[in-house]
Amino acid sequence: MKKQVLDLKSLEGFTALYDLHGPKILSFFIYNLRGNKEIAEDLLQEIFSKLWLKRKAIEVNGPIENYLLRAAKNKLIDYWRKHEKEKVLFFDTKFEKQSNLSPEDDLIYTNTKDSIFNLVKKLPRISRNIFFLSRHKSLSNKEIANKLNLSERAVEYQISKALKLLRKNVVVLF
């Protein structure tokens, strides 16, 4: 079976490339953006717009699918970096990112951090507050108990419950 060669410099070839690979990349974005189709479509358009504008200068060595997937991963990482500041995280001081991560590891880090953030948000209010004071404010169980007028045992139980939920539901791929 002979592979189809697409002429990226012509509108017809570019349209065929978009029709062939656009749906796969859109699915990749939708999956990694947890179903946010609007943002996924915007990111897809940005990739193909940039490709069209730079079509005369770009040299693709290897399969075009690999080039497009790499562009999609990089676009996703850029999106998360821009929007990371908008998130309020409960545990930044205990969950620090290394500065020398590869793009793939950075993507895994961000997915893991988002997963933890979403799980912590689902905790009952008292558990969430105790977890925040323990992990973000670095308060001891005794300090938390005094601050919230609870027993130390209750604080230990709530932290244990939160950690058990995180261990059960977060998969770290490092």
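Of the conditions (1) among the polar types (S, T, N, Q); (2) open to solvent by 40 Å² or more (accessible area, probe 1.4 Å); (3) at pLDDT 85 or above; (4) under 17 Å from Arg167 (Cα atoms), Asn129 fails just one. Which one is it?
With (1) among the polar types (S, T, N, Q); (2) open to solvent by 40 Å² or more (accessible area, probe 1.4 Å); (3) at pLDDT 85 or above; (4) under 17 Å from Arg167 (Cα atoms) applied to Asn129, the lone miss is (4).
Output yes when any residue across the range 78-86 is modelled with pLDDT of 80 or more, over 21 Å from Ile116 (Cβ atoms) and crowded, with 16+ Cβ neighbours inside 10 Å, and no when none is.
no
Being open to solvent by 50 Å² or more (accessible area, probe 1.4 Å), modelled with pLDDT of 85 or more, of a type in the set (Lys, Arg) and within 20 Å of Gly13 (Cα to Cα) narrows it down to one residue among Lys56, Lys37, Lys50; which is it?
Values: Lys56 fails: modelled with pLDDT of 85 or more; Lys37 fails: within 20 Å of Gly13 (Cα to Cα).
Being open to solvent by 50 Å² or more (accessible area, probe 1.4 Å), modelled with pLDDT of 85 or more, of a type in the set (Lys, Arg) and within 20 Å of Gly13 (Cα to Cα) holds for just one of Lys56, Lys37, Lys50, which is Lys50.
Is there any pair linking a residue in the range 48-76 that is more than 18 Å from Asn32 (Cα to Cα) and in a loop (DSSP other than H, G, I, E, B) to one that is open to solvent by 70 Å² or more (accessible area, probe 1.4 Å) and among the basic types (Lys, Arg), with Cβ under 9 Å and at least six apart or on different chains, and which?
So the pair list comes out as Arg55/Lys9; Lys56/Lys9; Pro63/Lys3.
Specify the residue that is farthest from Arg34 (Cα to Cα); the eligible residues are those in the range 133-165 that are surrounded by fewer than 18 Cβ atoms within 10 Å (Cβ to Cβ) and within 22 Å of the chain's Cα centre (by Cα).
Restricting to residues being surrounded by fewer than 18 Cβ atoms within 10 Å (Cβ to Cβ) and within 22 Å of the chain's Cα centre (by Cα), the top hit is His136.
The values are calculated or read from the model by the stated rules, or taken from the named source; none is laboratory data. Just so we're clear, the structure is a prediction, and the values are computed from it rather than from any experiment. Heads up, the Cβs are rebuilt from the backbone with ideal geometry, glycines too, and the neighbour counts pull from every protein chain shown. The accessibility values were calculated without ligands, DNA or RNA, using every heavy atom of the protein model including side chains. Shrake-Rupley method; radii C 1.70, N 1.55, O 1.52, S 1.80 Å.
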